[in-house]
Structure formats: structure tokens, C-alpha cells
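For reference, the structure discussed in these notes is given below.
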Amino acid sequence: MKQKKSLLGVTLTGGLEEEMTAWAGTSLLIEIGRKCGAIEIAERVLPPKKSDKGLTQGQMVESFVLLSAVGGDCIDDMEQLRWDKGLVAMVGYTPLGDGKAMAGQIS
């Protein structure tokens, strides 16, 4: 995965030269969430996963925040995020999560 250092000291992970997304504005939300430590806090305070497969707890929280930010109404809307290659490149992990699997983890 490509890493670039910007003039503002923000490290971007991914290859956005090849991909586009209609939700490019969410990059600021992702950056704020990561810089303020919300992802690390989620990793620390949420119960540990039973398996190493899939998303980390922090990535799960970030995915739900993204879903809400782009107007997702239900867990099935996660599929739209999952297939957006530009969004996947911005967050730096793929897939963004299977809605049914995520529903099983939060129930």
C-alpha cells in the first residue's frame, strides 16, 4: 500500500490516483477520527474479538461512523461502502465489512 506524506504532516495510505469516490469528503472525518485517538480508544475499551479474522474493533467503529456520515439507513447499506474502491483506498483496509457479519458481531 502506498504511503504519502503531505505538507501538513498527514500520512495518506492508499492509492487514490487510480480510484474515485463520491464520498471524498469523508476523508476529513476519517482523519479527525484517527488523529483524535477515537480508533485507539475503541480498540482499548471494546471487548476483544473471538477471532483475528475481519475488521479490528477500531475499523468496525470507523465503518459505522462512515456509514452514518454518508447517509446509510441500515446495516445492508454497508454493501455500498464495501464496493466503493475509492473509499476503500482512503481508509486503507478492505473490505469495509460485510453488513451481515457486522450485525452478528454487535448483536
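Note on K49: aspartates and glutamates with a C-alpha under 18 Å away, same-chain residues under 8 apart excluded, are E40, E62, D98. Protection proxy ranking, highest mean first, for peptides 58-69, 24-35: 58-69, 24-35, where packing is the per-residue count of other beta-carbon atoms within 10 Å, averaged. Starting from the 7 Å offset along Cα-to-Cβ, what nm value, one decimal, do you get for the label separation of A24 and I41? Between A24 and I41, the simple spin-label model gives 3.0 nm.
Listed peptides 40-48, 75-83 appear in the order 75-83, 40-48 once ranked by packing, highest mean of other Cβ atoms within 10 Å at the front. Taken one residue at a time, the phi angles of segment 72-77 give Karplus couplings (6.51, -1.76, 1.60, θ = phi - 60°) of x, 9, 8, 4, 5, 5 Hz. Gly and Pro are set to x. Remark: relative contact order (segment 26-83) = 32 percent; criterion is Cα-Cα distance under 8 angstrom and separation of 6 or more residues.
Laboratory data are not the source of any read-out in this text; all were calculated from the coordinates shown. In this text the structure is predicted, and so the values were computed from the model without any measurement. Cβ atoms come from the backbone with ideal geometry, glycine included; neighbour counts cover every protein chain shown.
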